[in-house]
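K.L.:
Here it is, the structure, as structure tokens.
The values are calculated or read from the model by the stated rules, or taken from the named source; none is laboratory data. Just so we're clear, the structure is a prediction, and the values are computed from it rather than from any experiment. All Cβ positions, even for glycine, are placed from backbone atoms using ideal geometry, and neighbour counts span all protein chains on display.
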Amino acid sequence: MKTTMKTTMKLSALFAALTTALLVAPTAQAADTLAKIKASGSATMGVRESSRPLSFTLGGEKYAGFHVELCTRVLADVQKALGLPKLDIKYQAVTSQNRIPLVQNGTVDIECGSTTNTTPRQRDVDFAVTTYVEEVRIATRVDTGITGIAQLTGKNVSTTTGTTSVQLLRKHERANGVEFREIFGKDHADSFLLMATGRADAFVMDGALLAGLISSAKNPADFRIVGEVLSVEPIAIMLPKGDPAFKKMVDDSLIAMMKSGEMAKVYDKWFNQPIPPNNTKVGLPLAEATKAAWAAPNDRPVEAYVKQ
Amino acid sequence: MNWDWQVFCRETVTGDVIAGCFGSGGDVTYLDWMLSAWGWTVSVAALALVVALFFGSLMGILRTVPDRRLVALGTAWTELFRNIPLLVQIFLWYYVLPELFTPLRELPSFVLVVFALGFFTSARIAEQVRAGIQSLPQGQRYAGLAVGLTLPQTYRYVLLPMAFRIVIPPLTSESMNIVKNSSVAFAVSVAELTMFAMQAGEETSRTMEMYLAVTLLYFVSAFTINRVMLVVENRVRVPGMLGAK
């Protein structure tokens, strides 16, 4: 059966119409997460698989971490406020690429991973008050003798695709007129492997993630975190956009924890005590920037922070 | 859904919108970056295709010669590269082989991906070439030998001209597949379109626009190959030969 000219034209017109409809579709409605949680008796928490110690998997659908614990406490407060007899928490593993779309479309009610609060992202999601201020550092093997970013000129530097560190390195190269060869790992474990096997001389990433990966490496003594702080980034819990009631409840719960000293205790538990899966310590003392963020709770994006 | 197609005109470091959408004097817009990533995709695909056609044709021919050892060589090659997933092969080339053969460590990941993708596709091309040769009547080979041509000459002047014309459609599919499979190169840090889509989508929070543009470029690349091969097929067609209209 030969496709006639007319059929082809009809199909093309249909295709064009579908594409146009898709491209000019109306905007989504604002979310009402509290009503959804009350109606279904369950909440979905977005979690990361390997962002130790902020949010990571223990295997078999169990997740743990600093932000996971904070979110569990926040959801307990939500449960009390809504007067629910029980609240079922479902965990949804997310990646750097899909975390924002999943919050936007309502699959995830509250994302508790390691997301930086930035102005472009604030167009699509809301952020709770900053709970952790990340400092971007450099991790190297001790035998490379690298002690700062100045020595990275011409070297291989690894970082993870889809993170803010990629753009940070680009900005640094442009600002200081240096050139280094960037190698992109597909996730944090991969980027660390690139540095550990020698393909890269340094791994640039958030200090907490670096410390977490080093502490769970085969021989942690071979690695160290060096150099100045390259960037200060507020890490916050992500919430659906345009839901002021839910955001207020989450913020209030977090601020209460900050004021009562609970936040500091939870921080100490995850950053300075032995934690699963292999009972090692991450060993990151509380940074001044994080203390300041707790003393004056805010949801300012990274662009509002002055680079040190 | 609010669309922001102007994101392509933004500069990648400062985020300012640049008039004309192409950066100059050190400025790089997302459009520049996407075109550069497209260049990488096309380069990986083209070089891998050359490697695949060369080794694939060679191994396919070897599987049809009378010598049992050469047949075994061709079969071993084909089965080895056909039975391992592409992504696993790429990781083997990038992480495992450089541990075993230290000279490989010096090679950039681009070269390793070209080999990995090329050898993976060569196994499939070998099968197609073998099928093309074996679909010819036995008489062709014997007629060639009877007329006084050596076996290599019989292949060169009698068998391969017909066999290759027969397998142009499957070879077109393989060429298009190489363009699409090149997207796995992102896993070993080749700055191609898929990595651009992921990274730029993350930086600008405009994942829809980025992925749609990248989809369009992949489609255009694969479709161009399709049309080029159609022209090739029509130009090399010989009336009266197998596969001709």
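K.L.:
Go over the candidates A:Leu169, A:Leu213 one by one and state the one that is part of a helix (DSSP H, G or I), free of Cβ contacts under 8 Å to residues at least 40 places away in the same chain and within 16 Å of A:Val226 (Cβ to Cβ).
P.N.:
When all the criteria are applied, what remains is A:Leu169.
K.L.:
Among the numbered conditions (1) away from every other protein chain (no Cβ under 11 Å); (2) under 30 Å from B:Asp27 (Cβ atoms); (3) surrounded by 21 or more Cβ atoms within 10 Å (Cβ to Cβ); (4) among the aliphatic types (A, V, I, L, M), tell me where A:Val178 comes up short.
P.N.:
The single condition A:Val178 does not satisfy is (3).
K.L.:
Would you mind telling me which numbered condition in (1) under 16 Å from A:Leu209 (Cα atoms); (2) in contact with a Pro (Cβ under 6 Å, 6 or more places away or on another chain) A:Pro285 fails?
P.N.:
With (1) under 16 Å from A:Leu209 (Cα atoms); (2) in contact with a Pro (Cβ under 6 Å, 6 or more places away or on another chain) applied to A:Pro285, the lone miss is (2).
K.L.:
Select, from B:Thr102, B:Thr78, the only residue that is in contact (Cβ under 8 Å) with a residue 12 or more places away in the chain, over 30 Å from B:Val220 (Cβ atoms) and among the polar types (S, T, N, Q).
P.N.:
B:Thr78
K.L.:
Can we say B:Thr121 is within 14 Å of another protein chain (Cβ to nearest Cβ) and among the hydroxyl-bearing types (Ser, Thr, Tyr)?
P.N.:
No; evaluated as a whole, the condition is false for this residue.
K.L.:
Also: Looking for whichever is aromatic (Phe, Trp, Tyr), under 23 Å from B:Ser36 (Cα atoms) and surrounded by fewer than 13 Cβ atoms within 10 Å (Cβ to Cβ) here; the options are B:Phe219, B:Phe186. Which one fits?
P.N.:
B:Phe219
K.L.:
Shifting gears a bit: For the structure I just gave you, tell me whether B:Leu49 is surrounded by 14 or more Cβ atoms within 10 Å (Cβ to Cβ), part of a helix (DSSP H, G or I) and touching a Phe, Trp or Tyr at 6+ places or on another chain (Cβ under 7 Å).
P.N.:
For B:Leu49, the condition - surrounded by 14 or more Cβ atoms within 10 Å (Cβ to Cβ), part of a helix (DSSP H, G or I) and touching a Phe, Trp or Tyr at 6+ places or on another chain (Cβ under 7 Å) - is not met.
K.L.:
Name every residue in segment A:95-126 that is within 13 Å of chain B (Cβ to nearest Cβ), in a loop (DSSP other than H, G, I, E, B) and either among the aliphatic types (A, V, I, L, M) or over 30 Å from A:Asp222 (Cα atoms) (or both), in order of residue number.
P.N.:
Within segment A:95-126, A:Gln97, A:Asn98, A:Asn105, A:Asn117, A:Thr118, A:Arg123, A:Asp124 qualify.
K.L.:
Right, B:Val113: within 14 Å of chain A (Cβ to nearest Cβ), hydrophobic (A, V, I, L, M, F, W, C) and surrounded by 15 or more Cβ atoms within 10 Å (Cβ to Cβ) or not?
P.N.:
Judged against the criteria, B:Val113 is a match.
K.L.:
Suppose the filter is out of contact with any Phe, Trp or Tyr (no Cβ under 8 Å at 6 or more places or on another chain) and exposed (fewer than 14 other Cβ atoms within 10 Å of the Cβ); does B:Arg69 pass it?
P.N.:
yes
K.L.:
With respect to B:Thr12, determine if the residue is touching a strand residue (DSSP E or B) at 6+ places or on another chain (Cβ under 8 Å), in contact (Cβ under 8 Å) with a residue 40 or more places away in the chain and on the phi < 0 side of the Ramachandran plot.
P.N.:
Taking the combined requirement at face value, the residue satisfies it.
K.L.:
Looking at segment A:159-174, which of its residues are within 8 Å of chain B (Cβ to nearest Cβ) and on the phi < 0 side of the Ramachandran plot?
P.N.:
A:Thr161, A:Thr163, A:Thr164, A:Val166, A:Gln167, A:Arg170, A:Lys171, A:Arg174 - these are the residues of segment A:159-174 that are within 8 Å of chain B (Cβ to nearest Cβ) and on the phi < 0 side of the Ramachandran plot.
K.L.:
Please work out which residue is farthest from the chain's Cα centre (by Cα), limiting yourself to segment A:34-60 and to residues that are in a loop (DSSP other than H, G, I, E, B) and more than 27 Å from A:Ala264 (Cα to Cα).
P.N.:
Looking at the filtered set, the residue picked out is A:Gly41.
K.L.:
Something else: Here is a list: A:Val129, A:Val204, A:Val157. Which entry is touching a helix residue (DSSP H, G or I) at 6+ places or on another chain (Cβ under 6 Å), assigned to a strand (DSSP E or B), in contact (Cβ under 8 Å) with a residue 12 or more places away in the chain and of a type in the set (Val, Ile, Thr)?
P.N.:
So the residue among A:Val129, A:Val204, A:Val157 that is touching a helix residue (DSSP H, G or I) at 6+ places or on another chain (Cβ under 6 Å), assigned to a strand (DSSP E or B), in contact (Cβ under 8 Å) with a residue 12 or more places away in the chain and of a type in the set (Val, Ile, Thr) is A:Val204.
K.L.:
Kindly indicate whether A:Phe184 is among the aromatic types (Phe, Trp, Tyr), on the phi < 0 side of the Ramachandran plot and facing chain B (nearest Cβ under 10 Å).
P.N.:
For A:Phe184, the condition - among the aromatic types (Phe, Trp, Tyr), on the phi < 0 side of the Ramachandran plot and facing chain B (nearest Cβ under 10 Å) - is met.
K.L.:
Looking only at helices (runs of 4 or more DSSP H) that lie completely in segment B:63-169, which have at least 3 residues being among the β-branched types (Val, Ile, Thr) and farther than 30 Å from B:Val44 by Cα?
P.N.:
Helices (runs of 4 or more DSSP H) meeting the threshold: none at all.
K.L.:
Among the candidates B:Ser205, B:Ser221, B:Ser182, single out the residue that is touching a Lys or Arg at 6+ places or on another chain (Cβ under 6 Å) and small (Gly, Ala, Ser).
P.N.:
Unique residue meeting the criteria: B:Ser205.
K.L.:
Can you give me the number of residues within segment B:171-183 that are crowded, with 24+ Cβ neighbours inside 10 Å and within 14 Å of chain A (Cβ to nearest Cβ)?
P.N.:
So the count comes out to 0.
K.L.:
Taking segment B:1-38 only, how many residues are within 12 Å of chain A (Cβ to nearest Cβ), at pLDDT below 90 and closer than 23 Å to A:Asp124 by Cβ?
P.N.:
Of the residues in segment B:1-38, 12 are within 12 Å of chain A (Cβ to nearest Cβ), at pLDDT below 90 and closer than 23 Å to A:Asp124 by Cβ.
K.L.:
Taking segment A:178-201, which residues are assigned to a loop (DSSP other than H, G, I, E, B), without any contact (Cβ under 8 Å) to a residue 40 or more places away in the chain and hydrophobic (A, V, I, L, M, F, W, C)?
P.N.:
Answer for segment A:178-201, where residues must be assigned to a loop (DSSP other than H, G, I, E, B), without any contact (Cβ under 8 Å) to a residue 40 or more places away in the chain and hydrophobic (A, V, I, L, M, F, W, C): A:Val178, A:Phe180.
K.L.:
I would also like to ask the following. Can you report the number of residues in segment B:126-156 which are over 18 Å from B:Arg237 (Cβ atoms) and surrounded by fewer than 17 Cβ atoms within 10 Å (Cβ to Cβ)?
P.N.:
Residues in segment B:126-156 being over 18 Å from B:Arg237 (Cβ atoms) and surrounded by fewer than 17 Cβ atoms within 10 Å (Cβ to Cβ): 18 in total.
K.L.:
Check off (1) assigned by TED's automatic domain parsing to the domain that holds A:Ser216; (2) β-branched (Val, Ile, Thr); (3) surrounded by 15 or more Cβ atoms within 10 Å (Cβ to Cβ) for A:Thr153 and give me the number that stays unchecked.
P.N.:
Only one criterion is unmet by A:Thr153, namely (3).
K.L.:
Can you tell me which residue among A:Leu284, A:Leu239 is assigned by TED's automatic domain parsing to the domain that holds A:Thr57, touching a helix residue (DSSP H, G or I) at 6+ places or on another chain (Cβ under 6 Å) and modelled with pLDDT of 90 or more?
P.N.:
A:Leu239
K.L.:
For B:Glu79, indicate whether it is within 14 Å of chain A (Cβ to nearest Cβ) and surrounded by fewer than 15 Cβ atoms within 10 Å (Cβ to Cβ).
P.N.:
no
K.L.:
Moving to a separate point now. Any chance you could count how many residues in segment B:200-245 are farther than 30 Å from A:Val166 by Cβ and not in a helix (DSSP H, G or I)?
P.N.:
Adding up the residues that qualify gives 9.
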